[in-house]
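Read through the structure below, which is laid out as structure tokens, and then see the notes.
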Amino acid sequence: MAIAALVVGLTAVPGATVLGVPGVVLGIVAIILGLRARGRIRRSDGARGGGGLAVAGMIAGGCGAVLGALWAFYLTLLYLAMMQATPPH
């Protein structure tokens with residue numbers, strides 16, 4: 001599950017450039033997967049590895065979610081500004 005968190009987190013960062021929404025969704029999924037993986041690793045008392053992968057996935061997912069939210073906000077403001085500046089026909 002830690003590898004899945006890392007893969008989803010790394011896809012969240014480029015996904016943030018596509019209108020922002022995929023980055024937010026994938027980022028949240030990566031954070032949830034990373035938290036679940038860390039919990040399983042802790043409960044296994046060292047029998048399972050991958051704690052670093054889970055943390056890296058959570059960090060990348062957080063970055064993707066934040067970048068996606070900022071990009072979506074920027075595009076929304078840009079759209080609203082363009083609609084105000086365009087004279088009606």
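Any read-out appearing in this document is the output of simple, stated calculations on the displayed coordinates, not a laboratory observation. Predicted model, so just to flag it, every value in this text is computed and none were measured.
Amide H to amide H distances under 5 Å link ALA16 with GLY23, where only residues 5 or more positions off or on other chains count and H is placed in the peptide plane. Phi-derived couplings, Karplus 6.51 cos²θ - 1.76 cosθ + 1.60 at θ = phi - 60°, listed residue by residue for region 20-25: x, 5, x, x, 5, 5 Hz, with x used for Gly and Pro.
Multiplying the sequence separation of LEU78 and SER44 by 0.36 nm and subtracting their Cα-Cα distance, what value in nm do you get? Please list the in-between numbers first.
Details: separation 34, 0.36 × 34 = 12.24 nm, distance 4.91 nm.
Going from the current span to full extension adds 7.3 nm.
The GNM of the chain, with springs linking C-alpha atoms under 10 angstrom apart, assigns the highest mean-square fluctuation among ALA12, ALA56, ALA47 to ALA47. 3J(HN,Hα) along region 30-46, derived from phi through the Karplus expression 6.51 cos²θ - 1.76 cosθ + 1.60 where θ = phi - 60°, amounts to 5, 5, 5, 4, x, 5, 5, 5, 4, x, 5, 5, 5, 5, 7, 6, x Hz, with x in place of Gly and Pro. Given that just one value was derived from the coordinates, which of (i) 0.92; (ii) 1.00; (iii) 1.28 is Rg/Rh (Cα atoms, Kirkwood Rh)? It is the one labelled (iii).
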